[in-house]
1. What FRET efficiency do you get for Asp85 and Arg35 if R0 is 45 Å and r is their Cβ-Cβ distance, rounded to the nearest 0.05?
2. Given the options Phe107, Phe210, Phe74, state which has the largest fluctuation in a GNM of the chain using a 10 Å cut-off (strictly under) for Cα springs.
3. Dipole size in debye (nearest 20) for the chain around its Cα centre, Lys and Arg Cβ +1, Asp and Glu Cβ -1?
4. Report Glu231's accessible area, 1.4 Å probe, all protein chains in place, as a number in Å² to the nearest 10.
5. Out of the total accessible area of region 60-170 (probe 1.4 Å, heavy atoms of protein only), what percent is carbon and sulfur?
6. Just to confirm, what accessible area per residue do you get for the chain at 1.4 Å probe, in whole Å²?
7. GNM on the chain, C-alpha springs below 10 Å: top fluctuator among Thr249, Thr141, Thr190?
8. Of Gly238, Trp216, Trp262, which is farthest along the charge dipole of region 200-286 in the positive direction, counting Lys and Arg as +1 and Asp and Glu as -1 at C-beta?
Amino acid sequence: MTTDDIPDVILREIERTAVELAGLAGTEIMAALGRTLEVRYKGVPGDTPTFRDPVSEVDSEVEVLIRARLADRFPEHDILGEEMDERPGRDHDFVWAVDPIDGTTNFVNGFPLYAASIGVLHRGRPVVGAVWCSTSHALRTGVYHARAGGELCFDQEPLKSRANPAVRRRLAGEPEATADAGLSWDIRKTGSAAIECAFVAAGLLRVARFQRPNVWDVAGGIPLVLAAGGEVRCGDKGGWTTLERIEATTDPAGGEPDLRNWRLPLILGDAEAVRQMAEARQSCSR
């Protein structure tokens, strides 16, 4: 993974900030546990509500807090947040992709699998990621983080995943928890793309596939997987190809290209598992 000639001192500073912000988000999330939350549901006005895409008051509060910190630290950088459309540095080389709570449906239901994800793109290339997880390989909350050219860390300590050779069938994250009898793993569905990215990097999942993720769902997790030695492939009409950059795309309704419109299938994990998943899910990229 190249760094586009970004000085390492800059990447280190950005990584430190991303870790701080992910930890701050986690603190706010944990402080909200046990209280009755205000919850609204996304949707088009006038449509019949499906109640499938909740937003809690904590989502909005955490994103406001993160944006304020970034305005102080990196005022010229752009921010792409899930809950707010404001873009303070549109067209800047650095873009912070912020998901204050990934897995909000789990969160508002008290199901303890969710994350706060901070990803940084440089000219579209994911170069820094920090993901606070409600649980981890250590059975506690913590922040997985990495930068381009660096190593995978958990709460500031290097993390080397080691698979138990006695385990013959590992686990894989899929959009649907269906049987994968022809492949060498069992399926798990967590309800959080960011959690699954972090778990792949940490070796808890061997591979994961996402059907139509948003940028903020995966921008924080991709650098973790790459730092752990994994591979990331993107699906398009040409099949599954190595992800190089996340680029602005045009909305089907028209308009200018925007990162907010990017929603392409992804597979990430160890190289052999990614190859197997890509061959088994070839139709998903079309």
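1. 0.95
2. Of Phe107, Phe210, Phe74, the Gaussian network model singles out Phe74 as fluctuating most.
3. Magnitude of the dipole: close to 1120 debye.
4. For Glu231, solvent-accessible area is about 50 Å².
5. C and S fraction of accessible area: 47 percent.
6. 47
7. Ranking Thr249, Thr141, Thr190 by mean-square fluctuation puts Thr249 first.
8. About the Cα centre, the residue reaching furthest to the positive side is Gly238.
The values are calculated or read from the model by the stated rules, or taken from the named source; none is laboratory data. Nothing here was measured: the structure is a model prediction, and the numbers come from that model. No Cβ is skipped: glycine too gets one built from the backbone with ideal geometry, and neighbour counts run over all protein chains shown. Accessible surface is based on the protein model in full, side chains and every heavy atom, while ligands, DNA and RNA are left aside. Shrake-Rupley method; radii C 1.70, N 1.55, O 1.52, S 1.80 Å.
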